[in-house]
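Below you'll find the structure, written out as structure tokens, and then a few comments.
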Amino acid sequence: MERKGRVYCIILMLGLCTGCQKNEVMNEYCIRFEERHYDVKALDPDEGRITDISLMVFDEDGKAEECIWQPSVDTGIRLKLVKGRTYSFRACLNFGYRVYADEIGELDEVRYHMAYPDEYREGIPMFASADGIKVGEEGTIVLKPVRLMSKISIRMDRSALSDDVDMTVRTVRIGNCPKSVQVFGQSKARSEDDCFASGFCRTENETIALNTTLPDGRSGEIHLYMLENMQGPLSESIGSDKDKVFDEDDYRCKVCSYIELELDYMSDDKYSFGKGLIYRFYLGESLNDLNVERNCHYRITVRPEDDGLSDDGWRVDKSNLADQGPVWFKAYPQNYIRGDIGDKVHIWCEFSPGNAPFDVGEDYMEFDKETGIYDYEIDEDGHGAVLTLTGPGRGLITMLAGEPINDGVLFIIEVNLPS
């Protein structure tokens, strides 16, 4: 799941180590970090970026000989090692702070913590590990960084949807997104407290690719990132994704990572309002496990069929769907109104369905009020207003009804203007 790429060479001149014995020869070696990619590179974040490095060198007994921290530099790190000796190397990259240990076993306790789910913007956290490296003549030692995060690529496939169905992705997020990871060992969230209340999320313009449909019905991809969460195999074998669901009293629903999509939905029979239609599904390397492994790239295609509502419950939450029914919109008394100073004018809209989102145009009214054309009082139901005309001029008020109506009106109010 990785590809080789550029190589970073880190150079730091160090003095002779104090542990050298008589007749032992110190040579200079270059420690390089081979850049490795997921098999598709995303523009956000820069997956090969290295901003800082903690490098630790241990002798054959596991005792630390060097613990170095420094910002990444193009010229690289060089250090002196004893020719013929065997060393172990450990490195932490993009942590933003020094990691050190007196003995190699202490690193088993090292965890990397994130303050928020997309804190990777300074570089994806990585580690490198190599044991039993016997150094010879002057040369290069290559360490291979491993990302502590998984990359999850998601696309939509609308080719199996009925012609009357429109599904627009509003947000995509990771549920049960781990806050921390054990660096030098397999890691998983052990309780609800180990996960962010709201995980890594893509919203608004970040989901445009999912709403762009290609000729084959598929969309573009978006990418999400999360720390490793190795929750293991399911205790029972299942036959389909529909069965990969846990009861509320099952601890796995609090620690196993899942994807949640919120969509605007429209068909001849149903439409969404408020939070919208919710799709959810648990992650895993296969149908029968819940592992989300570090440094791996997972590709997921969401392919709803027919009306897109065949599943139910936690996986497809339809609680914010309403019956379509008749759709209409009317404005009263008319959209062009002439009046005199002191008149009271009532303008309002009626529409179906009545719970569709509606903007009564208060921003327009407030502007006209400030220019002295009229004062206003919005109706109790929020669908209109009573205007008290106060001065000469022309005012404009736009009232708009949202899904599933998508209609509106422009009221023109003229006060004491010549015919």
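Read the figures in this text as sums done on the coordinates, not as results from a lab. Owing to the predicted nature of the structure, the values given are computational and were not obtained by experimental measurement. Reconstructed Cβ throughout: ideal geometry from the backbone, glycine too, with neighbour counts over all protein chains shown.
Averaging sequence separations of C-alpha pairs under 8 Å and six or more residues apart, then dividing by the length of the chain, give the relative contact order as a whole percent.
Details: 1007 pairs, mean separation 53.1, N = 419.
It comes to 13 percent, rounded to a whole number.
Obtain the nm distance between the two label points defined at Lys275 and Arg111 by a simple spin-label model: each point lies 7 Å from its Cα along the Cα-to-C-beta direction.
In this crude spin-label approximation the distance works out to 2.9 nm.
Please arrange Leu396, Leu93, Leu107, Leu417 by counting, for each residue, the other beta carbons lying within 10 Å of its beta carbon, fewest first.
Final ranking by Cβ density, sparse to dense: Leu417, Leu396, Leu107, Leu93.
Using every alpha carbon pair in region 270-326, what percent of pairs falls into each 10 Å bin from 0 up to the bin containing the largest distance?
Pairs per bin, as whole percents: 18, 41, 25, 13, 3, 0.
Give me Rg/Rg_expected for region 149-323, where Rg uses Cα atoms only and Rg_expected = 2.2 N^0.38 Å with N residues.
1.04
Starting from the alpha-carbon convex hull of region 55-140, give the projected area averaged over all orientations, in nm².
In nm², the orientation-averaged hull projection of region 55-140 is 6.3.
Take the cross-link list Lys270/Lys369; Lys144/Lys242; Lys254/Lys318 and give me the ones stretching past 32 Å between alpha-carbons.
From Lys270/Lys369; Lys144/Lys242; Lys254/Lys318, over 32 Å: Lys270/Lys369; Lys144/Lys242.
Would you compute, from DSSP H runs of 4+ residues alone, the mean residue ellipticity of the chain at 222 nm, taking -39500 (n - 2.57) per run and dividing by the full residue count, rounded to the nearest 500?
Computed ellipticity for the chain at 222 nm equals -500 deg cm²/dmol.
To one decimal place, what Kirkwood hydrodynamic radius in Å is obtained for the chain from all pairs of distinct Cα atoms?
Roughly 26.2 Å, rounded to one decimal.
What's the center-to-center distance, using Cα atoms, between region 355-393 and region 279-343 in Å?
Answer, in whole Å: 32.
Which ³J(HN,Hα) values in Hz, rounded to whole numbers, follow from the phi angles of region 151-167 under the Karplus curve 6.51 cos²θ - 1.76 cosθ + 1.60, where θ = phi - 60° and Gly and Pro get x?
After applying 6.51 cos²θ - 1.76 cosθ + 1.60, I find 10, 10, 9, 10, 9, 9, 10, 9, 5, 9, 7, 5, 4, 8, 9, 10, 10 Hz.
Tell me, what ³J(HN,Hα) does each residue in region 169-177 have, in order and in whole Hz, if you take phi through Karplus 6.51 cos²θ - 1.76 cosθ + 1.60 with θ = phi - 60° and put x for Gly and Pro?
6, 9, 9, 9, 9, 9, x, 6, 8
Using a 10 Å cut-off around each Cβ, can you sort Asp359, Asp250 from fewest to most neighbouring Cβ atoms?
Working: Asp359 14, Asp250 10.
Going from sparsest to densest Cβ surroundings: Asp250, Asp359.
If you rank Arg190, Arg315, Arg158 by fewest surrounding Cβ atoms within 10 Å, what's the result?
The most exposed by this proxy come first: Arg190, Arg315, Arg158.
Tell me the relative contact order for region 162-205 as a rounded percent, counting alpha carbon contacts under 8 Å between residues six or more apart.
Working: 45 pairs, mean separation 22.0, N = 44.
That works out to 50 percent.
HN-Hα J couplings of region 116-121 from phi, Karplus 6.51/-1.76/1.60, θ = phi - 60°, integer Hz, Gly and Pro as x?
Here the 3J(HN,Hα) series is 8, x, 10, 6, 5, 4 Hz.
Going by amide H atoms built from the backbone, whose H comes under 5 Å of the H on Ser187, apart from near neighbours?
Here Met230 satisfy the definition.
Taking only Cα atoms of region 274-410, what ratio of Rg to Rh do you get with Rh as the Kirkwood inverse-distance radius?
Here Rg/Rh amounts to 1.25.
Quote the Stokes-Einstein diffusion coefficient, in whole µm² s⁻¹, for region 69-199, based on the Kirkwood radius over alpha carbon pairs, a temperature of 10 °C and a viscosity of 1.306 mPa s.
This corresponds to a translational diffusion coefficient of 86 µm²/s.
Between region 144-208 and region 86-140, what's the alpha-carbon centroid distance in Å?
26 Å
Which cross-chain or sequence-distant (5 or more) residues have an amide H under 5 Å from the amide H of Asp307, H modelled 1.01 Å from N in plane?
The list, which skips near neighbours in sequence, is Ser162.
Which loop-located GluC sites (Glu not before Pro) does region 322-391 contain, where loop means any DSSP state but H, G, I, E or B and the Cβ has at most 11 other Cβ atoms within 10 Å?
The qualifying sites are Glu380.
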